[in-house]
Amino acid sequence: MEKKHCIVVGASHAGTSLALQLRREGWDGAITLIGDEAELPYHRPPLSKEFLAGVKELDNIRLRPEKVFVDNAIDLLLGSPIVGLDSEAKTVLLADGKKLGYDKLALCTGASAIPLPMGSSLAGVHTIRSVADIISIKKGLVFAKTAVIIGGGYIGLEAAAVLATLGVDVTVLEMQSRVLARVTSSVMSEYMESLHRQKGVNVLTSTKVISLEGDESVAAVVCEGGLRLPADMVIVGIGVRPNVDLALKANLAIDNGILVDERGQTSDPDIFAAGDCSNHPSALYEKQLRLESVQNANDQSRVAAANLCGVDKTYNAVPWFWSDQYDVKLQMVGLSDGFDKLAIRGDATNKEGTGFALFYFKGKRLIAADCISRPKEFMAAKQLVMRKAEIDSELLTDESVEPAAFLA
């Protein structure tokens, strides 16, 4: 019997995990992992942190050494993106003209940074999504004394922390009334804004950018109301959009990403999807979710790989995220949107440096937690959120009770 071929499109966290997990689950046919970038797969979170800061080099952030792909007989095709997909003929067309046939296809195409609708072609205007983006920013930092960061989400704040530490004069512009408004409560937003201001970053909220000035290179950012900020560099962190072009070519069901079931299967039974590009049903939150996190990319892709091999598994992991800014680690578990009660453990200003934890409730059920330098609370909250636990908020805020006791 002829052995089957699985093509995995996208050589980042989801694609790499999926390809390797296929082997662990017993896939004995050919596996081809195709990536747009010419680079060996690498970790993305350090891009806006250690790699931008120059603390780590590219070889320090590889997902796996090349030998691992060789040992697992995974054919790496890097630097030649797929430009065509025929799901009826089961073929993909590469940019170099090569056509490949598949039996099963996994789309791990990720997401792309949303560009600013104006001034994106000016030199000195950057997004953060790839190694090439960071290399370009590093070159600019040789000359840049002032930087404006548009967007007060994770990426924007992480970049602000690195640039401020490197001695750049940094301003963060956020259109909403507070930073991190999409992902956390006002308590955490206030703490993060205060942290950045203490480090010398100028944080301006409720501020909308209307244009960028400059001939060939960016010179200034102009905001609604007439505010003009000189800038040698602009970093745009206004979100990402899922890469669904190939899915559209295959006539797959799309809704804020590629729609998949709890097994990772798309509307085509021979095509699976995982990671930032996919929109999956969550039994935990009883709704569709498209998550942008390494945890989701890795866990979801392993489930998809199992199902590609005929091992029936369902995906229902607890989402978790983290962000490093200066010497502060923010760990978040669950999704807090829709919470109706907030319980605070510790001092939410963190003046003593002992950290704090925010617990989010919907009714009596714990749905999420945000932790600053509180790893024990984070680990306990993970378990409680997964269990859909109903728990007394006063127990969580009582500092005399060890976090391990929450689970009793």
(request) Label the chain by shape, choosing from rounded, prolate and oblate, from the square roots a ≥ b ≥ c of the eigenvalues of the Cα gyration tensor; if a/c is under 1.5 it is rounded, and otherwise prolate applies when a/b is larger than b/c, oblate when it is not. (result) oblate
(request) Work out how much length Arg24 to Leu204 would gain on full extension: take 0.36 nm times their residue separation and subtract the Cα-Cα distance, in nm to one decimal. (result) 59.9 nm
(message) Could you check the spin-label model distance between Arg228 and Arg182? Points 7 Å from the Cα along Cα→Cβ, value in nm.
(response) 3.1 nm
(request) Read phi for every residue in segment 135-142 and hand back ³J(HN,Hα) as whole Hz from Karplus 6.51 cos²θ - 1.76 cosθ + 1.60, θ = phi - 60°, with x for Gly and Pro. (result) 4, 5, 5, 4, 4, x, 5, 4
(request) For Arg365, tell me the accessible area in Å² from a 1.4 Å probe, rounded to the nearest 10. (result) 50 Å²
(request) With label points built 7 Å along Cα→Cβ from the Cα atoms of Lys4 and Asn256, find their separation and express it in nm. (result) 3.2 nm
(request) Kindly list the residues of segment 13-37 that lie in the label zone of Lys98, defined by a backbone N under 14 Å from the point 7 Å along the Cα-to-C-beta vector. (result) 31-37
(request) Could you name the lysines whose alpha carbon sits less than 17 Å from that of Lys4, not counting residues in the same chain fewer than 8 places away? (result) Lys90, Lys99, Lys104
(request) Starting from the eigenvalues of the Cα gyration tensor, five times each then square-rooted, give me the equivalent ellipsoid semi-axes of segment 62-127, largest first, whole Å. (result) 30, 20, 11
(request) Taking GluC sites (Glu not before Pro) as candidate sites, keep only those in a DSSP loop with at most 12 other Cβ atoms within 10 Å, then name the longest stretch of the chain containing none of them. (result) 89-215
(request) Give the ranking of Ser12, Ser301 by solvent-accessible surface, highest area first, calculated with a 1.4 Å probe. (result) Ser12, Ser301
(message) Explain nothing, just compute: Karplus ³J(HN,Hα) = 6.51 cos²θ - 1.76 cosθ + 1.60, θ = phi - 60°, for every residue of segment 391-404 in order, whole Hz, x for Gly and Pro.
(response) 8, 6, 4, 5, 5, 5, 8, 7, 5, 7, 9, 5, x, 4
(message) If each residue of separation counts as 0.36 nm, what is the full-extension length gain between Trp322 and Glu213 once their alpha-carbon separation is subtracted?
(response) 35.8 nm
(message) Take the residue pairs Lys329/Lys388; Lys287/Lys362; Lys329/Lys376 and return only those whose Cα atoms are more than 21 Å apart.
(response) Lys329/Lys388
(request) Could you check the simple spin-label distance between Thr349 and Asn60, using points 7 Å along Cα→Cβ, in nm with one decimal? (result) 3.6 nm
(request) Find, among the trypsin sites (Lys or Arg not before Pro) in segment 49-146, those assigned to loop by DSSP (not H, G, I, E, B) with at most 12 other beta-carbon atoms within 10 angstrom. (result) Lys98, Lys145
(message) Probe radius 1.4 Å, ligands and nucleic acids ignored: give me the carbon and sulfur share of the accessible area of segment 284-352 as a rounded percent.
(response) 49 percent
(request) Filter the trypsin sites (Lys or Arg not before Pro) in segment 183-237 to those in DSSP coil with at most 15 other Cβ atoms within 10 Å of their Cβ, and list the result. (result) Lys199, Lys208
(request) Any lysines with Cα under 24 Å of the Lys208 Cα? List them, leaving off those in the same chain fewer than 8 positions away. (result) Lys145, Lys199
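The values are calculated or read from the model by the stated rules, or taken from the named source; none is laboratory data. In this text, all values refer to a predicted model and were calculated from it rather than measured experimentally. Backbone-built Cβ (ideal geometry, glycine too); neighbour counts: all protein chains shown. Only protein heavy atoms, including side chains, enter the accessible area calculation; ligands, DNA and RNA are left aside. Shrake-Rupley method; radii C 1.70, N 1.55, O 1.52, S 1.80 Å.
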